[in-house]
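Only one structure is covered here, and it is reproduced in the block below.
The values are calculated or read from the model by the stated rules, or taken from the named source; none is laboratory data. Quantities reported herein were computed from a predicted structural model and do not represent experimental measurements. Quick reminder, even Gly has a Cβ in these numbers, built from the backbone with ideal geometry, and neighbours come from all protein chains shown.
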Amino acid sequence: MIDRKSKNILAISGSLRSGSSNHHILKYLAGLIPENIDYSIYNDLALIPPFDPGSDTDTPPNSVSKLRQLLANVDAIVICTPEYAFGVPGQLKNMLDWLVSSSSLADKPVALITASSSGQYAHPSLLLTLGALSAKILDDANLLIPFIRSKMAADGSITDAETKDSLTRAFNTLLSSIAII
């Protein structure tokens, strides 16, 4: 059954570099979007200030307030991130810290894609953090893609058929969670 009502998916890259492998994956997923979906990539991660519990009040910093409002209006979220120094990229973790008190991710379906040289440490760490935020973690929409650069061309296109298939399956799981396919 296809729900004709438009749904919204927000894609977030854990990399601040616009030409990163993770941004290219999010752009690849944009090509899989059905007509009745609004899909946008969040590009303001660098604008989120360092988390300060003293500033997490009814009037948080403007960039945090905008992010929380954006998340309130989406039906699902895709996070695609690298692993830095065997951990979660600092700016992504910082953003998630700002979401603790707002319940912005509570019960929201989340697809987590960790695409990096390894990713074996960041991926489970992010799953723990998302669980603490009460996100609806979709097991079949979680994907760890090691050695991502060997699976992409210089222009960022994905050249590995197995990676394309895995991304499509994971994304279809997310779409199914919001009654799209």
Can you find even one residue in the stretch 52-60 that is in a helix (DSSP H, G or I), of a type in the set (S, T, N, Q) and over 21 Å from S125 (Cβ atoms)?
yes
Could you check the stretch 72-87 and list, in sequence order, the residues that are within 17 Å of S20 (Cβ to Cβ) and under 15 Å from the mean Cα position of the chain (by Cα)?
V78, I79, C80, T81, P82, E83
For residues in the stretch 93-107 being more than 13 Å from the chain's Cα centre (by Cα) and surrounded by 13 or more Cβ atoms within 10 Å (Cβ to Cβ), which is farthest from S177 (Cα to Cα)?
N94
Over the stretch 128-166, the set of residues touching a strand residue (DSSP E or B) at 6+ places or on another chain (Cβ under 7 Å) and part of a helix (DSSP H, G or I) is L130, G131, A141, I148, K151, T163, K164, S166
Any residue in the stretch 113-139 that's surrounded by fewer than 18 Cβ atoms within 10 Å (Cβ to Cβ): show its pairings with residues that are part of a loop (DSSP other than H, G, I, E, B) and among the aromatic types (F, W, Y) at Cβ separation under 9 Å, as long as the two are six or more apart or on different chains.
S117/F147; S118/F86; S118/F147; Q120/F86; Y121/F86
Tell me, please, whether a residue that is crowded, with 20+ Cβ neighbours inside 10 Å, of a type in the set (S, T, N, Q), within 24 Å of L144 (Cα to Cα) and touching a Ser or Thr at 6+ places or on another chain (Cβ under 9 Å) can be found in the stretch 35-54.
no
For G90, which of the numbered conditions (1) more than 17 Å from the chain's Cα centre (by Cα); (2) small (G, A, S); (3) surrounded by 13 or more Cβ atoms within 10 Å (Cβ to Cβ) fails to hold?
(1)
Could you please give the count of residues in the stretch 31-51 that are charged (D, E, K, R) and in a loop (DSSP other than H, G, I, E, B)?
2
For the stretch 106-151, how many residues are more than 23 Å from R169 (Cβ to Cβ) and of a type in the set (A, V, I, L, M, F, W, C)?
4
Any chance the stretch 153-167 includes a residue that's under 24 Å from P109 (Cβ atoms), within 15 Å of the chain's Cα centre (by Cα) and surrounded by 13 or more Cβ atoms within 10 Å (Cβ to Cβ)?
yes
Suppose the filter is part of a strand (DSSP E or B), at pLDDT 95 or above and within 16 Å of the chain's Cα centre (by Cα); does A111 pass it?
yes
Does the stretch 74-87 hold any residues that are modelled with pLDDT under 95 and surrounded by fewer than 22 Cβ atoms within 10 Å (Cβ to Cβ), and which are they?
Y84, A85, F86, G87
Here are some conditions: (1) farther than 13 Å from P82 by Cβ; (2) in contact with a Gly (Cβ under 9 Å, 6 or more places away or on another chain); (3) small (G, A, S). A122 meets all but one. Which one does it not meet?
(1)
Any residue in the stretch 64-73 that is among the hydrophobic types (A, V, I, L, M, F, W, C), closer than 25 Å to R169 by Cα and assigned to a helix (DSSP H, G or I)?
yes
